[in-house]
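A short worksheet on the structure shown next.
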Amino acid sequence: MTRRALRGDLLDFTGLPALGDVDSPAVRFRPDHWLLIEDGRIVAVQAEAPGEDWPREDHRGRLILPGFVDTHVHCPQLDVIASYGATLLDWLQTYTFPAEQRFADPAVARAGAELFLDALLAHGTTAAVVFATVHAVSAEALFEAASVRGMRIITGKVLMDRHAPEGLRDDVEGARRDCEAQIARWHGRGRNAFAVTVRFAVTSTPEQLAMAGGLLQRHEGLYMQTHVAENLDEVRWVQELFPQARSYLDVYHQHGLLNQRSVLAHGIWLDDADRALLRDTGAHIAFCPSSNLFLGSGLFNWAEARAVGHGVSLASDVGGGTSLSMLRTLAEAYKVQALRGTRMTAWAGLHAATLGAAEALGLAHELGALEPGRLADLCVWDWASGPVAEHRDAVATGQVAPLPAQSLHARVFAWMTLADERNLRAAYVAGQPRGPQPRLIPDPV
Ligand SMILES: [Zn+2]
């Protein structure tokens with residue numbers, strides 16, 4: 001039996017915070033508490049120090065949150081992050097497709113998967129829904145590397161049988177065989193889950209979409225991931241390719257691809273009928289603010305999503321996005337919502353990146369909260385890194401006279417906005433340190 005007791009300021013959520021409620025009752029803040037972990041699982045949270053039989057890791061004065069869940073990110077696109085001057089469709093042709101071709105090579109796929117997962121952990125992301133490439137070996141490499149790290153990973157080979165260059169196209173029957181093999185080998189093994197992965201409606205024939213829907217029907221518990229309504233040229237192209245569909249989203253619905261385990265990235269150019277369809281099928285949108293700004297795709301309307309009542313999680317969408325950091329992603333999310341005339345609290349943002357994502361993926365029993373029974377996927381953060389953030393945090397905590405101490409939301413919002421991977425002190429996956437080596441507070445002498 002392995003035991004570990006972590007001390008710090010614990011922050012998590014017990015419900016869904018309203019987008020603009022700074023005093024949300026769904027916030028649970030337990031300053032200077034102990035989190036007791038046994039065999040990878042949280043077994044208790046308490047104010048008093050545990051007995052001598054608990055090895056202690058003292059992070060007092062630091063923030064402990066559930067590990068972030070990135071619900072839409074592309075493993076092979078670390079090669080093209082921060083590429084200049086393109087919108088979605090030419091960005092795919094110019095940068096992304098050539099980069100993805102490299103992943104046909106098993107050695108590249110393996111090295112790429114390891115680099116990618118270690119990078120996620122170094123940014124405080126402990127679970128993810130990931131795009132590999134069309135090559136079966138690229139998803140296999142991710143499953144293998146995630147298994148070694150004990151991470152919850154949801155992925156699968158990408159389906160693309162048209163409108164993609166040579167070397168990046170599959171066909172219906174070959175793709176079906178590859179998917180079936182991956183489902184048999186990986187789905188439900190350890191913390192791996194298989195996602196039927198349609199790149200987007202443009203790159204799959206109706207026959208392939210039907211095959212993808214058939215996989216979801218035949219195998220209970222599979223995920224589905226894809227892109228939807230990211231960019232206006234893309235939306236127009238989908239309308240040309242599928243004239244019988246009511247909307248872009250409806251293409252997926254008609255092929256049986258929307259259910260409670262469907263994760264659709266972007267969803268910027270949706271109407272209320274689409275939003276109602278998401279709500280009624282239980283599918284949810286992965287909001288990718290940094291990617292949407294970087295590629296100039298548009299401004300996701302979170303308030304309308306909330307009004308209709310479909311789920312929203314947060315995602316980096318690297319390489320369209322410019323950082324794997326969910327904190328930087330949240331800072332961009334706030335700005336996108338500000339341009340929409342809405343203010344997103346730190347609570348709404350952090351919830352979407354932790355418990356909200358866990359609930360949207362049907363994994364709230366496993367991760368997303370600092371709660372007995374959950375696996376200990378969590379991260380320890382410095383409240384501030386660097387002189388500006390340190391000063392700002394001192395203002396928030398009332399250490400700069402004569403300014404009064406500010407609310408907890410003011411402090412956490414400043415942290416969310418100013419912090420990034422440099423604030424990360426330790427990351428634990430199922431109770432095991434997997435990110436930066438924990439640097440502990442020494443016992444007072
Ligand atoms: Zn994407």
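Just the ratio, please: alpha-carbon radius of gyration of the chain over 2.2 N^0.38 Å, N its number of residues.
My calculation over the Cα atoms of the chain gives 0.96.
Quick check for me: using +1 on Lys/Arg Cβ and -1 on Asp/Glu Cβ, what's the dipole size of the chain about its Cα centre, in debye to the nearest 20? The partial results should precede the final answer.
Working: 40 positive and 52 negative charges, 108 e Å.
Rounded to the nearest 20 debye, it is 520 debye.
The fraction of accessible area contributed by carbon and sulfur in the chain is 52 percent, rounded to a whole number (1.4 Å probe; ligands and nucleic acids excluded).
Any idea of the accessible area per residue across the stretch 68-360, 1.4 Å probe, to the nearest Å²?
Accessible area per residue: 32 Å².
The protection proxy used here, the mean number of other Cβ atoms lying within 10 Å of each residue, ranks peptides 349-361, 74-86 as follows, highest first: 349-361, 74-86. Compared with the direct C-alpha span, the chain from residue 148 to residue 343 gains 66.2 nm at full extension, assuming 0.36 nm per residue. DSSP finds beta bridges in the stretch 1-73, and of those with both partners inside it, around 75 percent are antiparallel. Taking every DSSP helix (H) stretch of at least 4 residues in the chain, weighting each as -39,500 (n - 2.57) and dividing the sum by the residue count yields a mean residue ellipticity at 222 nm of -10000 deg cm²/dmol.
Can you tell me which of 122-133, 412-423, 294-305, 232-243 comes out highest on packing, and rank the rest after it, using the mean Cβ neighbours within 10 Å? Can you show the working numbers first?
On the way: 122-133: 27.0, 412-423: 20.7, 294-305: 18.9, 232-243: 15.2.
Taking the mean over residues of other Cβ atoms within 10 Å, the ranking is 122-133, 412-423, 294-305, 232-243.
Ordering 205, 286, 327 by the projection of their Cα atoms onto the charge dipole of the stretch 68-360, which places +1 on the Cβ of Lys and Arg and -1 on the Cβ of Asp and Glu, puts 327 at the extreme positive end. From the alpha carbon centroid of the stretch 270-285 to that of the stretch 369-404 is 36 Å.
Residue by residue, the stretch 165-177 carries 3J(HN,Hα) couplings of x, 3, x, 10, 10, 10, 9, 4, 6, x, 5, 4, 4 Hz when phi is fed to the Karplus relation 6.51 cos²θ - 1.76 cosθ + 1.60 (θ = phi - 60°); x denotes Gly or Pro. The three principal axes of the Cα atoms in the stretch 64-222 give end-to-end lengths of 46, 42, 28 Å, sorted in falling order.
Near residue 98: Cβ cut-off under 13 Å, other residues only, Lys/Arg at +1 and Asp/Glu at -1. The net charge is -3. Please identify the GluC sites (Glu not before Pro) of the stretch 1-107 that satisfy two criteria: DSSP loop assignment and at most 16 other Cβ atoms within 10 Å. Which are they? Taking the stretch 1-107 and a limit of 16 other Cβ atoms within 10 Å, the loop GluC sites (Glu not before Pro) found are 48, 52.
Given a Förster distance of 60 angstrom, what is the FRET efficiency for residue 162 paired with residue 406, based on the Cβ-Cβ distance and rounded to 0.05?
Values: r = 55 Å, r/R0 = 0.91.
The formula returns an efficiency of 0.65 here.
Cut-off 20 Å, label point 7 angstrom out along Cα-to-Cβ of residue 94: give me the residues of the stretch 191-231 whose amide nitrogen falls inside. Only 230-231 fall inside the zone, counting backbone N under 20 Å.
Rounded to the nearest 0.05, the FRET efficiency derived from the C-beta distance between residue 115 and residue 47 at R0 = 51 Å is 0.80.
Tell me, what is the FRET efficiency for residue 104 and residue 303 to the nearest 0.05, using R0 = 51 angstrom and their Cβ-Cβ distance as r? Don't skip to the end; give the middle numbers.
Details: r = 43 Å, r/R0 = 0.84.
That pair, residue 104 with residue 303, gives E of 0.75.
A cut-off under 12 angstrom between Cβ atoms defines the neighbours of residue 282, and their net charge, with Lys, Arg +1 and Asp, Glu -1, is 0.
The values are calculated or read from the model by the stated rules, or taken from the named source; none is laboratory data. All values derive from a computational prediction rather than experimental measurement. FYI the Cβ positions are ideal-geometry reconstructions off the backbone, even for glycines, and counts take in every protein chain you see. Side chains included, ligands, DNA and RNA excluded: accessible areas come from the protein's heavy atoms. Shrake-Rupley method; radii C 1.70, N 1.55, O 1.52, S 1.80 Å.
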